[in-house]
Structures are given as structure tokens and as C-alpha cells.
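The values are calculated or read from the model by the stated rules, or taken from the named source; none is laboratory data. None of the values given here were measured: they were computed from a predicted structure. We place every Cβ from the backbone using ideal geometry, glycine too, and count neighbours over all the protein chains shown.
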């Protein structure tokens, strides 16, 4: 339990201290796959805290897919899978539109942590369609996506039907039978507080940042952004590795 140092007089709640310190130990490799955490009673007796505090902390860690309770063994650390993902999955929108491309990691909306969310925002004669979602793989978040598309002439009722559609389908609905031009940028980026929470990484850990600009007849019609945890996801170009 050398990685635990709870401060009972600190302003941070004890359960949050416990979550943060165990999560830090997992991210830094102090705790590894299948390591057994101290029992709730051990932590309670060592730090003279309520068992409710420990139970709440372990429940939060389990919800984040960092630990799992196994009968007869205790609470063990889970291993994040290390994934290799093709840059193309974030940029080949025209390929996706016309060749029935399926997402290599996530194929259905049910596999996302949250379903599509979208709303309207009138901007003079145009409207802004916004989509946000989190890709999951084996219980772990693999990317966070934000899509901003400008469109005209699409009725609200029609837009609502797109809530469960794939991104290529949405683009094809707004701009049918018209090829789009794209520009893509990739860069490392440190996590901010909201992104770190969504992707379950420490605040200072870097994220891959893939950003695409979509053009229709030389006019910018959309921006698509992806944030990918660099700790356990490697972005690669086709035919690499």
C-alpha cells in the first residue's frame, strides 16, 4: 500500500483521494494487470476511515473499467488493451461514403459510452449540426469525437432521424452525390480537464489530436476533431507496423 497516502484533514474527500492515487498507480505502472488491491477492511484499518469511503472508491474505479472484483481473489487491476488504429479512420470520409466502410473499432451506436447528442444553432441563413461521441473498445475509451457541420435546407424532423446514423451517412445526406475536399492535421496534445475525464487519462498525459476540415466547392462546411489517448492507442498510417 506504499502508493496510498490519504490525508484525513485535506479538503479533497477521502474517496476521491483513494480513487486518484490508485488510478495514478495504474497509469504509471506501479500497479499492473491482475495486481490485487488491498481489501476494503485493510484500507479501513490502516487509515482509520469508514468502509463506505473505500467501497465508494472501488465502485468508481470499477465503473471506469480500471479494476474488477473477483470472487475468492478480491479487487484486481484490469489491463487496458494497446490498440493500433489507422489514421484513415479519422480522415477517409469519401471512402466511407461510397465504399460502405465500417469503423474498425466501433460499428454500432450501442457500443458508444453515450448515444449521439445533437442540437440546433441558427446562424443567420445557416444552421450548425453538432455531434459528440466516445468510441469504446473492451470497456475502454479509445477516442472522443466532435463534429461540426454547416448545412442549409434540412428540416428539423429530417435531422432528428439522423441521430443514430453514421457520420458518412450524415455527410451524404447534407451533400449528396458531391465529392468533398479535405485537409487533415495530426499533432500531439496534452489533455485538458474535460478531455482527461472523458478518456480516463491523467491530466498531464498527451493525446493524439486529429483534426479535419471539410470543403464543398471551396467553402468550409465542417470541422471534425478526434482526441485519442496516446498512452495505449498508437495511430499509424496504412501499411505501417
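Numbers for the structure displayed
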item	result
Evaluation of residue 7 against (1) over 29 Å from the mean Cα position of the chain (by Cα); (2) in a helix (DSSP H, G or I) (one fails), failing number	(2)
Criterion (assigned to a loop (DSSP other than H, G, I, E, B) and either in contact with a helix residue (DSSP H, G or I) (Cβ under 9 Å, 6 or more places away or on another chain) or surrounded by fewer than 12 Cβ atoms within 10 Å (Cβ to Cβ) (or both)) met by exactly one of 43, 49	49
Residue ID - farthest from residue 69 (Cα to Cα), chosen from residues in the range 16-37 that are surrounded by fewer than 18 Cβ atoms within 10 Å (Cβ to Cβ) and more than 24 Å from the chain's Cα centre (by Cα)	35
Any chance residue 159 is at negative phi, out of contact with any helix residue (DSSP H, G or I) (no Cβ under 7 Å at 6 or more places or on another chain), assigned by TED's automatic domain parsing to the domain that holds residue 224 and at pLDDT 70 or above	no
Check on residue 72, within 28 Å of residue 230 (Cα to Cα) and without any contact (Cβ under 8 Å) to a residue 12 or more places away in the chain	no
One residue from 83, 97 being more than 21 Å from the chain's Cα centre (by Cα), surrounded by 12 or more Cβ atoms within 10 Å (Cβ to Cβ) and either at pLDDT below 70 or within 24 Å of residue 229 (Cα to Cα) (or both)	97
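Yes/no matrix, rows are residues, columns are (1) over 20 Å from residue 84 (Cα atoms); (2) modelled with pLDDT of 85 or more:
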{"site": "177", "(1), (2)": "yes, no"}
{"site": "205", "(1), (2)": "no, no"}
{"site": "218", "(1), (2)": "yes, no"}
{"site": "222", "(1), (2)": "yes, yes"}
{"site": "225", "(1), (2)": "no, yes"}
{"site": "238", "(1), (2)": "no, no"}
